[in-house]
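S.K.: Okay, here's the structure, questions in a sec.
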Amino acid sequence: MPDFNEAHLAIRKCKLGLMIANKTVFLSSLLANLRMIIDESKKTAATDGVHMWLNPNFVLSLDPAELLFLLLHEIMHCALQHMDRRSTANLNLKVHNMAADYYINLYLVKMGYTMPRSGGLLDYKYDGMSTREIYDELMLDPPEDDDYDQDIVIAGSGDDESDANGMSAD
């Protein structure tokens with residue numbers, strides 16, 4: 001059984017750090033408007049632009065710098081409107097999310113943030129490319145990894161509800 005209270009405390013500390021840092025003022029304002037849900041319904045974390053789901057076991061596996069990266073990663077999906085873009089442009093949802101993850105992770109690493117040791121999509125060949133350009137390149141030879149853990153949820157897809165064990169991190 002995960003320690004929801006410990007995960008909740010780690011997330012609150014990280015949120016506070018984001019809110020007082022000068023270079024993350026805009027992103028912390030987005031974070032303040034997301035409803036944080038701590039539950040085990042996602043492998044790591046996800047957002048639909050309104051909610052952010054965080055798996056307590058994954059949260060507790062991260063050091064503070066990696067947790068900051070995770071929160072910033074999910075917030076960047078909101079800031080860049082990835083949910084809206086992929087739902088209105090008739091895109092392959094899995095490949096678009098992969099392209100968005102490549103873009104965000106590279107951006108955050110270049111900004112000096114610490115990517116979780118557990119990994120994520122990062123390739124410097126995409127430096128200077130937009131999410132759409134990365135998507136177009138990925139679509140030339142679409143990945144077949146069905147195990148890829150998508151971290152964007154389309155609201156109303158039936159995949160956006162917390163389970164009964166969920167805990168809000170607000």
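The values are calculated or read from the model by the stated rules, or taken from the named source; none is laboratory data. What you are looking at is a predicted structure, and each value in this text was computed from that prediction instead of being measured. Positions of Cβ are backbone-derived with ideal geometry, glycine not excepted, and every protein chain shown enters the neighbour counts. Side chains included, ligands, DNA and RNA excluded: accessible areas come from the protein's heavy atoms. Shrake-Rupley method; radii C 1.70, N 1.55, O 1.52, S 1.80 Å.
S.K.: Given the criterion more than 14 Å from the chain's Cα centre (by Cα) and open to solvent by 70 Å² or more (accessible area, probe 1.4 Å), identify the matching residue among Asp63, Asp127.
M.R.: Working: Asp63 fails: open to solvent by 70 Å² or more (accessible area, probe 1.4 Å).
The conditions single out Asp127.
S.K.: I would also like to ask the following. Assess whether Gly158 counts as being closer than 26 Å to Met36 by Cα, open to solvent by 30 Å² or more (accessible area, probe 1.4 Å) and modelled with pLDDT of 85 or more.
M.R.: Values: closer than 26 Å to Met36 by Cα: yes; open to solvent by 30 Å² or more (accessible area, probe 1.4 Å): yes; modelled with pLDDT of 85 or more: no.
Considered against the rule, which asks whether it is closer than 26 Å to Met36 by Cα, open to solvent by 30 Å² or more (accessible area, probe 1.4 Å) and modelled with pLDDT of 85 or more, Gly158 comes out as no.
S.K.: Still on this structure, please answer the following. Here is a list of conditions, (1) open to solvent by less than 10 Å² (accessible area, probe 1.4 Å); (2) over 16 Å from the mean Cα position of the chain (by Cα); (3) among the β-branched types (Val, Ile, Thr), and Ile11 meets all of them except one; can you say which number that is?
M.R.: Ile11 satisfies every listed condition except (2).
S.K.: Among the candidates Ser61, Ser28, Ser41, single out the residue that is farther than 18 Å from Ile104 by Cα, hydroxyl-bearing (Ser, Thr, Tyr) and out of contact with any Asp or Glu (no Cβ under 9 Å at 6 or more places or on another chain).
M.R.: On the way: Ser28 fails: farther than 18 Å from Ile104 by Cα; Ser41 fails: out of contact with any Asp or Glu (no Cβ under 9 Å at 6 or more places or on another chain).
Answer to the check: Ser61.
S.K.: For region 68-110, how many residues meet the condition of being open to solvent by less than 10 Å² (accessible area, probe 1.4 Å) and closer than 21 Å to Ala10 by Cα?
M.R.: Selection size over region 68-110: 6.
S.K.: Which of (1) among the small types (Gly, Ala, Ser); (2) open to solvent by 40 Å² or more (accessible area, probe 1.4 Å); (3) under 17 Å from Gly112 (Cβ atoms) is the odd one out, the single condition Ser29 does not satisfy?
M.R.: Going through (1) among the small types (Gly, Ala, Ser); (2) open to solvent by 40 Å² or more (accessible area, probe 1.4 Å); (3) under 17 Å from Gly112 (Cβ atoms) one by one, Ser29 breaks only (3).
S.K.: May I ask you to verify whether Lys43 is within 19 Å of Tyr102 (Cα to Cα), of a type outside the set (Val, Ile, Thr) and modelled with pLDDT under 95?
M.R.: yes
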